[in-house]
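Read-outs throughout are calculated quantities, based only on the coordinates presented, and are distinct from any laboratory measurement. As the structure is a computational prediction, the values presented were derived from the model and not from experiment. We place every Cβ from the backbone using ideal geometry, glycine too, and count neighbours over all the protein chains shown.
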Ligand SMILES: Nc1ncnc2c1ncn2[C@@H]1O[C@H](COP(=O)(O)OP(=O)(O)O)[C@@H](O)[C@H]1O
Ligand SMILES: [Mg+2]
C-alpha cells in the first residue's frame, strides 16, 4: 500500500497550552474533544531487568489487569485476583509463557510508575468527516511533568494533516521518535538504577596483571553485594544464587592469579572470602532441592507421596531456619566490616611485590591458559574405569576454572574463536556438572535417612536408588564427553591461540 | 481476502444500505475492510461523509490497482477504508467494452489488495452489463437484496437464468429479504414461497424501517445513531450469517 505519513508526537513548549492549541485548530477544523482519561501505570520487572532488556514492558493499569507490551505493542492482558510475584502465579496465556521464558526463577517487582492523563480529540472537515485524530498526553512520573501532542494522519487526508501540523508548529518543540510507554519511562527518568547496565570494566591487554586483578575483583565483589538486600528479604532464590556466583568468581580469580597480588594480602583475602562463602552453602543446597521438587515427585511411583511430603516439610522448615541465619549474618556488622575490609584492600594501588605483578595481562593469561589446559589434558588421559568419582570432580573443577579464566578476559581474545571454545567447554561442563549433581543429591538425601521414620526412609531409598542408577549412566556420558573434548585439534587450537607467540618473558612464575 | 458484491439489477432495493452497514460490522469484527463505491451516484460514499476526488479518474480504474490506491480514504471507523465513487464511473460499461479480457479485469485489479485487506465490499450500480459481468467473476459472494414482492421474484429468476446462461457458479449468489413489511400479507407469502423455492436465502431479513432511512440525515451506519433498534440488530445478524459463509 502507498505509504501513509507516520503519526507524529511533539512535546509542548508550555505544558499548559493544550487549550490554546485546540483553539488555533478550530480556525480550520471542527474539533471534538473527549473527556480526559487518567490512568496510573505500574511497571514491573525482575532484578535483572530481563523484560526491559528484551524490549518488553509489564504493566498494571486498572486494579487487576496486567498488560504485556513488546516493542511498545500490547501483546497480552491478564486479569489476576491474587497478588503475583512469579510467572507461575499468572493464568495460562501468552503473558505467562513470555514471563516464564524471560524471568525464569526471578520474582517480578514493581520498578516504576507513570501517571498519564490522556485527552483525545478529533478534527473534522466541513462535511463533518474525521480527517485527523489527535491527543494530548500529560505524564507525571519520576521527577517531572511533561505534556505531548500527538497527531495521527488518516489515509486520504494528507492535506488536512499537513495543515494541522502547520497550525500547531508554533506551540511545540521538535517532534520525538518512538513515542510510547518506553519513551515516557525514559524521558521522565522513572527507571531504577538496576535498569542501567553496570559499567563495563575495561582491561587493556598491556595493563599490569596486578592492577587488572584488583579492578576486576572489586567489580565482582560489588556485583555480588548488589544481591544482599534481595537475599535478606528472600525475594527469590536467584539473589542468593547470583550472590554466590559472584563470590565464586572472585575466589576463582584470586586463586588463578594469586601470584599477581602481595603474598600476605592474598592469603588473608582468600581466607576471608572462603569464610563468607561458606555461610550460604547449606541454604543454597536446600533451595536447589526445593526447586527440583517436581522432578523428584515424578521419579517415584504412587504410594511414596507421604514420605515425600514428610521430607519436604522437613526441608522447608530447615530452609526457613537457614534463611533466617543467613539473613542475620548478612545484615550483621561483622559481615559488613569483613566485606569492606576486603574491598578496601583490593581497591588500593598495586604494590608490584611479586615478580608477576607488573607483567602485561594478555601474556600472563595466555600462558596460564595453556598451562591449565595441559594439566587438564594429562588429568583426562589418566581417566579409566578404575578412576574414582572424586577424580572426575577434580576435572570438573578444572573445567570451571578454565572457563572462568577465559570469561574474565574474554575481551582480550578474538571474539569468534573464543566463543566457539567457550561453547565447547560449556558442553563438557554441563555433562560433568550433572554427574556432580547426582553425587551431591545422593549425599544430601542420605543425610535425611532416619530409620524411625519409615515412610520418609522409603521415599529416600527410592530416590537414592534412582539417582545412583543415573549416576552410573552419567559417568559413562562424562567419560565420553571428555574424549570428545580433548582432541588433537583442541590441543593444536590451544597452542595456536595461547602458546605460539614468544612469551615476552612472562617468567616461569605463573 | 474475500470479495462481496452487493448487487441487484434493480435500484432502490437496499444495496447501498446493506453495503454500508455490512462494511461497518465487518470492520468492527476486526476484518480489514475496503468498501468500493462503484455506483456513480456515490450514495455509500455520502453515508461515510467521504467526498470523491476532483480528478476524472474513472478511465484509469481498470488499469492497475495502484491507480485505485491513491483514492483510498480512511472512514471514521477503525479497519474500514473507502474508495468513493466518481461521476466518471458512469462510463465504466463503455470503458470495459473497449478492453481486452474485460471479464477478469476487476478480479485482477482487486487481487492487488490481497495483502492489505481481509474483505472488499462492492456497492454496485443497478444494471446487467459488462461491469456486472466482471463483478460476478471478481466476487466470492454476490449478495442480492430482494424486496418480497411478485415483481422482485421475476427479476430474481432472471438473474438466476443469467448466471446459468453464462455458467457462473450459482452458489455465488446469496440473497436476503430487504425492506420487509411483515404486516403485509403479500410480503409474508412471497418470503415463504421464495425461501422454499430457492435455497439461496439467508435467514435474516432486513425490516422496512425509518431508522434505515435516517442514515441519510445522520450520514452514518445505523449502529452509530440507532444502536438498540431492530433494524440495527438485523444488520448485525445479517453480518454474522455472512461472516460464517466467508469462513467456510
Ligand atoms: N430497510 C429499509 N427500510 C427503509 N428504507 C430503506 C431500507 N433500505 C433502504 N432504504 C431506503 O431506500 C432508499 C434506497 O435504498 P438504497 O440502499 O440506496 O438502495 P439501492 O442501493 O439498492 O439503490 C434509500 O433512501 C434508503 O434510505
Ligand atoms: Mg445504491
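Brief remarks on what is shown
- Of the residues A:376, A:351, A:207, the one with the fewest other Cβ atoms within 10 Å heads the list, and the complete ranking is A:351, A:207, A:376.
- Here the simple spin-label model places points 7 Å from the Cα toward Cβ, and for residue A:388 and residue A:338 these points are separated by 3.0 nm.
- Each of A:82, B:105 has some number of other Cβ atoms within 10 Å of its Cβ, and from fewest to most they run A:82, B:105.
- Helix-derived mean residue ellipticity, 222 nm - over chain B, DSSP H n ≥ 4, -39500 (n - 2.57), to 500: -12500 deg cm²/dmol
- Calculated Rg and Dmax of the range A:10-84 using C-alpha coordinates, Å: 18.0, 52
- With R₀ fixed at 45 Å, the C-beta to C-beta distance from residue B:166 to residue A:32 puts the FRET efficiency at about 0.35.
- Cα-derived Rg to Rh of chain A, Kirkwood definition: 1.08
- Percent of alpha-carbon pairs separated by more than 29 Å within the range B:2-247: 24
- Note on A:342, A:34: ascending count of other Cβ atoms within 10 Å places them as A:34, A:342, the fewest first.
- Principal axes of the range A:413-460: Cα extent on each, largest first, Å: 60, 13, 10
- Principal-axis tilt of helix A:281-291 within chain A, Cα atoms, nearest 10 degrees: 60
- Average partner coverage of B:81-92, which counts Cβ from other chains inside 10 Å: 1
- Spacing of the modelled spin labels on residue A:74 and residue B:104, each 7 Å from Cα toward Cβ, amounts to 4.5 nm.
- DSSP beta bridge pairing in the protein assembly as shown, given as percent antiparallel to the nearest 5: 70
- Counting DSSP beta bridges with both ends in the range B:1-120, the antiparallel % (nearest 5): 20
- Per residue, the convex hull spanned by the alpha carbons of the range A:41-105 comes to 77 Å³.
- FRET efficiency, residue B:140 to residue A:159 (Cβ-Cβ, R0 35 Å, nearest 0.05): 0.50
- Within the range B:29-118, the proportion of Cα pairs with more than 20 Å between them is 34 percent.
- The range A:1-53-the range B:168-194 distance, computed between alpha-carbon centres (Å): 50
- Theoretical FRET efficiency, 1/(1+(r/R0)^6), r = Cβ-Cβ of residue B:225 and residue A:270, R0 56 Å, to 0.05: 0.10
- Cα-based Rg and Dmax for the range A:8-187, where Dmax is the largest Cα-Cα distance (Å): 18.9, 59
- Inter-label distance, nm, simple model (7 Å from Cα along the C-beta direction), residue B:90/residue A:42: 6.6
- Global geometry of the range A:98-148, whether rounded, prolate or oblate, following the gyration tensor of its Cα atoms and the 1.5 cut on a/c: oblate
- Comparing Cα centroids, the range B:76-151 and the range A:156-230 end up 53 angstrom apart.
- Every helix of 4 or more DSSP H residues in chain A counts as -39500 (n - 2.57), and over all residues that averages to -17500 deg cm²/dmol at 222 nm.
- The range B:6-31 and the range A:347-388 have Cα centres lying 80 Å from one another.
- Principal semi-axes in Å for the range A:80-206 [√(5λ), Cα gyration tensor, largest first]: 39, 23, 15
- Prolate/oblate/rounded label for the range A:198-357 (Cα gyration tensor, a/c 1.5): prolate
- For the range A:359-510: Kirkwood Rh in Å [reciprocal of mean 1/r, alpha carbons]: 17.5
- Among B:11, B:98, B:193, the largest mean-square fluctuation in a Gaussian network model of chain B (Cα springs under 10 Å) belongs to B:98.
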